[in-house]
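For reference, the structure discussed in these notes is given below.
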Amino acid sequence: MNDQTQSVNPPQRALTLHRELTAVWSDLPGWRGVLASVNHGTIGLRFMATACVFFAIGGVLSMLIRAQLATPRGAFLDTAVYNQIFTMHGSIMMFLFAIPMLEGLALWLLPKILGARDMAFPRLSALGYWCYLFGGTIILLSLLGGVAPDGGWFMYTPLSDKTHTPGINADVWLLGITFVEISAVAAAVEITVTILRCRSADMPLTRMPLMGWYMLGTSVMMLVGFPPLILGSILLELERAFDWPFFDVTRGGDPLLWQHLFWLFGHPEVYIIFLPAAGALSTIIPVLSRTTILGYGTIVAAVLGLVFLSFGLWVHHMFTVGIPHMALAFFSAASALVAVPTAVQVFAWIGTIWKGRPELKLPMLYVLGFFLTFVMGGLTGVMLAIVPFNWQAHDTAFVTAHLHYVLIGGFVFPMLAALTYWMPLICGRARVPRVGEAAFWLILIGFHGTFFIMHLTGLLGMPRRIDVYPDNPEWIIPNLVSSIFSMVMAMGFALFAFDIVMQVIFGAHSRRNPWRAPTLDWAMSLPAPAYNFASLPGPGLDHADAAVALARGTGWLPGAPRGWRETLVVNAGSGRPEHVAVLPDNTMLPIATAAVIGSFFMLMLAGLYWLTPLALVAIVLTLWRWGAVMGADTDHAPILVAKGQSLPVHWQVRGTLAYGGAVATLVADSSLYACLLFGVGFLSVVAPAWPAPESGLSGLWSAMLIGVALVALTLGALFARRAEARRGSAIAQTQTRLGVVSGVIALVALVSIALLLDDPTRHARDALRGVLLGFAVVHMGIATLLAARSHADARDGRISAQRRGAVPVWRLWQDFALATTAISGLLVAAQEVL
Amino acid sequence: MLIGSAAIIAFVLILLAWAWRRPEGKGADERVWTLGLGVGFVMAVLVALVGYGFWVGERILPRSDGAVRVAAEARQWGWAFRQPGPDGQPLETQEVLYVPAGVPIDIEITSTDVIHSFWVPRLGGKMDAVPGRVNVARLMAHTPGEYEGLCAEFCGLGHSFMRFSVIVYEPGAFPDLSNRQTGGADE
Amino acid sequence: MRWAMGMLAGPTLWAVLFVVVYALHGIGCAWGWPSVSFGPTSLHIAAMMGAWVAGLVLHLVLLWQMPKGHDREGRLQRAGAWIGLVASGVTLLPIVVTSSCG
């Protein structure tokens, strides 16, 4: 079907198509549009704009820090406030600026550059945004209320436990950040599925724009890398709220468990931030050098190497906690090795400039700023990977300098390049000349003036996170220099923001594809329409030059003749079109769901634990509504997407986007579970105060209950299979009903085990058993809800020979719940026997 | 290390400038850039550096060779030390550590509350004080004198002031303690 | 998508091997394996060496199995196998050069 013709559908009037699509795809007018939008363009821009606001807030906090440190006896802030401010600076920049910024860029850009109309899960985009906004707001309000987190952005226990931080400061961090991370995991699920399934027709994975590879690497890393922190936060909050001793050395815990979990997230995080920025560089450099990227395959391999290796470095943040030298050496070697794929990319970019004719446009200035800054940050990073040097420089201003070189060099500069590069597509206007260049120079000079000298300050022995240094006159001059230049940098960022506002208001209308780029993100009119493409790109129509042809509907799946939001779903590897997904319309459901999740976190924060079940019920009710508007109760004829090519709609196929999303969610869930198992293993091998006291769980009762639960779970898995196999007949409804019953039995059995558990506050082993049981109950609960959802689908006629309703996803969850419950049961049994 | 990094930075920047100013010529060879420079050059530098790091790291590990043992106990916010005194008997002090010059010292570091970190910048690397475990750091001071030490891990409100000093004396010439605060005096 | 599995195989093997050796190291230090002699060396070193060498052999087998084609899929699979081999070789080298539980 892959022929040379330029069109697969007859041409139509572009304006008619535009009106038809706009009516279907645009947000609602007025306030309802603000609350109900699910469009990736709107949500992506909101993410980025909100992230920039948080960047400004974080920046103001850093100015306060620099003002305090400008003199040795700064009396500007008292110590308690200073501790809150540096903690909030780090937390805001990491969790409320960097991560949401890259999510926003991914949401806004990916469908455009891959040739789709929207992300795979538009409602999930919106849910993610509202979780981020609400969580961020809680954290900010705590700063205004003077109860902001104050234990440093990595929240080491025991400093952050109830004894040493009795206020709610640490709870704000743990609950607020976890709330925001829900949005990060949601985004990761969505980005993964979108890149694998929502590309243009016949675009194989190996030919997609490099941005796709980078974002795929990022999202998979987020799926695996965020759960350790989520688990750590849950454990620490359980310890703070209910005195379960995961980190208390006197009762079988160990503060180092927190450090492992935190950095197991924290180091991949650095690359999670870097990869999208590198994706932007790999997109911008060839365009502005008027050539193609050098070494596509090698760069993909480098991304692959980074994704894996970056999970083998986390201990290099813990070189001074007293870990044996050989273990340090493993991580030291891995930390040095990770420089190789990074260097491969840097040299590929320089080689691209070498073979092209570079033009010094504004985005290119930021690219050059990146090269200068990031290479220096990378080299200090290699120095810190060397154990003896690390022992000297760890926790000093040297590390502060290093991490700002890496994060500002490796993320902020490329993001500024990306913003200036894509602004014409965002607002449809060209920028006002010369202001941007001035902002660039202020930022560059201010940055290096602030942070270069900080290397020296650190080598002079100045530790991080101190607020006064009256006895160290040798630190005065370098600190003053840093403070003065930081003001220059702040002026630069202010000017950058001013430039963007000027461009939106006063910029001249930009011509289409102003950079003469080849990629599909420019194959549309400016500013980008809500539906991106009037007809979807494919072979022969896969270049920015195809803009007019696509607008006239000669590509795949033109217009919105059925009044639905449709996009193509393709085979993950080859890109062959497989079915048509009908995406959800504007809805208030995401904001309602985020609000009830938020109420759960607020109740936890307020210590009203007895009210939280109400919030959980509300969450279940809203999620039930999500499922209720999926699927259909009648079959639809295949849709003609191109001459001679008809494809089914999504409710009549098995490999839907939603199924892919469930798989991606389980990847993240598996990572969480694996970290929990790591916690059990780590504490029982390493923590003092083991072996644990005699347990009361060894009786016959607990063995019987776990046996009942496992049998019921297994039966449930069988019912799910039979419900799917017999979906055309009335038997399906019997199977789904049996599925619900077996789920309830399993739940009752599991909950009864809780009555036999030893007091979880006694020892970390008992507390961990409580968590393992909680994990099993939650997953069993979700599996039972999915069985109930499937039963409702069967009852309402959403299941037929062609339609499967929620059954495949139920089956997947049931299997996962069965596997994890069995492993947990075996683990506890092994603990009892050994 | 400093000279090496400066050289690498200069190399990359010159390459970049050259790429920019280069007259129109033939295209770039992918293998030279990615495999040659990216993998080959970088691996060579890293292997040398990491190998050297292992060697130094091994050399400064504490080992059982009869080093002087002292104990440092961190708390919010201060340090208690126990070391051999003038008469060879253990001596307890607050905020001041006395050690002889020219011999290796093993410091057993622990904490009574949160995580702190023992660091004397002019004498060597730092080691964390973690509740529930004893970490051993090895130091050696060649020249007698007073050295400044501090807590390098953020530990709460008093972090900035959690300082101590190390007084290094000629072996056999324990300094006069009469004008110093020692273990007897409470703060 | 078989090629994607092939591409991921090498790095995945590295990840598993890294975790296994790190776990053996931690368990060995906790249970006093360095003082248990095993042939010319200690049980601790022997266990880690055994896992490492077995892993490296698997890596070589993987590299051997990779398709020889010059299309992008083939090259990516070979790159993945090489990344895994080099990563396992370099990051676990400390088994033979540093002291185990000091």
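Tabulated values for the structure
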{"item": "Cβ-based charge dipole, segment A:14-506, positive-most Cα from A:146, A:22, A:341", "result": "A:22"}
{"item": "Radius 10 Å from Cβ of residue A:85, net charge of other residues (Lys, Arg +1; Asp, Glu -1)", "result": "-2"}
{"item": "Cα→Cβ-extended label distance, 7 Å offset, between residue A:802 and residue A:726, nm", "result": "2.4"}
{"item": "Fewest-first sequence of A:223, A:460 by Cβ atoms within 10 Å of each Cβ", "result": "A:460, A:223"}
{"item": "Table column - 3J(HN,Hα) (Hz), segment A:653-670, Karplus curve with 6.51, -1.76, 1.60, x for Gly and Pro", "result": "10, 8, x, 7, 4, 4, 5, x, x, 5, 4, 4, 4, 5, 4, 4, 5, 4"}
{"item": "Euclidean distance between Cα centres, segment B:129-147 to segment A:290-305, Å", "result": "48"}
{"item": "Relative contact order [Cα under 8 Å, 6+ residues apart], chain A, whole percent", "result": "18"}
{"item": "Cβ-based net charge around residue B:79, under 9 Å, with every Lys or Arg adding one and every Asp or Glu removing one", "result": "0"}
{"item": "Length-normalised contact order for segment C:2-93 - Cα pairs under 8 Å, 6+ apart - percent", "result": "45"}
{"item": "Estimated inter-spin distance, residue B:122 and residue A:459, nm [label 7 Å along Cα→Cβ]", "result": "1.8"}
{"item": "Shielding by partners, peptide C:81-94 (average Cβ within 10 angstrom, other chains)", "result": "6"}
{"item": "Cα centroid of segment A:365-443 to Cα centroid of segment A:614-689, whole Å", "result": "36"}
{"item": "Protection proxy ranking of A:131-139, A:726-734, A:470-478 - average other beta-carbon atoms within 10 Å, highest first", "result": "A:131-139, A:726-734, A:470-478"}
{"item": "Rounded to 10°, Cα long-axis angle of helix B:2-21 versus longest principal axis of chain B", "result": "20"}
{"item": "Long-range HN-HN contacts of residue B:111 with modeled amide H, under 5 Å", "result": "B:74, B:130, B:132, B:133"}
{"item": "J(HN,Hα) series, segment A:349-354, from Karplus relation 6.51 cos²θ - 1.76 cosθ + 1.60, nearest Hz, glycine and proline x", "result": "5, 5, x, 5, 4, 4"}
{"item": "Hz values of 3J(HN,Hα) by residue in segment A:267-278 - Karplus curve (6.51, -1.76, 1.60), Gly and Pro given as x", "result": "7, x, 3, 4, 7, 4, 6, 6, 4, x, 5, 5"}
{"item": "Tail beyond 16 Å, pair distance distribution of segment A:172-248 (Cα, percent)", "result": "59"}
{"item": "Average beta carbon contacts from partner chains per residue of A:640-653, 10 Å cutoff", "result": "0"}
{"item": "Peptide A:351-359, shielding by other chains (average Cβ, 10 Å cutoff)", "result": "6"}
{"item": "Least to most buried among A:659, A:421 (fewest other Cβ within 10 Å first)", "result": "A:659, A:421"}
{"item": "Long-range tail of P(r) for segment B:1-151 (Cα pairs > 23 Å, %)", "result": "55"}
{"item": "Among beta bridges that DSSP assigns inside the protein assembly as shown, antiparallel share in %, nearest 5", "result": "75"}
{"item": "Highest average packing first - B:120-130, A:426-436, A:479-489, A:284-294, Cβ atoms within 10 Å", "result": "B:120-130, A:284-294, A:479-489, A:426-436"}
{"item": "Counted charge near residue A:740, where neighbours are those whose Cβ lies closer than 13 Å (Asp, Glu -1; Lys, Arg +1)", "result": "+2"}
{"item": "Where only C-alpha atoms are counted, convex hull volume of chain A per residue in Å³", "result": "155"}
{"item": "Extent along principal axes [Cα atoms of segment A:305-395; Å; largest to smallest]", "result": "52, 25, 15"}
{"item": "Listed peptides A:827-833, A:548-554 by packing density, highest first (mean Cβ within 10 Å)", "result": "A:548-554, A:827-833"}
{"item": "Fraction of antiparallel bridges per DSSP, segment B:68-169 only, in percent to nearest 5", "result": "70"}
{"item": "More than 16 Å apart - percent of Cα-Cα pairs taken over segment B:2-59", "result": "61"}
{"item": "Where labels lie 7 Å past Cα in the beta-carbon direction, separation of residue B:55 and residue B:161 in nm", "result": "4.7"}
{"item": "Order of A:208, A:780 - criterion: other Cβ atoms within 10 Å of each residue's Cβ, fewest first", "result": "A:208, A:780"}
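A short reminder: the numbers here are calculations on the coordinates, not readings from a lab. Everything numeric here is computed off the predicted structure, so don't read it as measured data. Please note: Cβ atoms are built from the backbone with ideal geometry, for glycine as well, and neighbour counts cover all protein chains shown.
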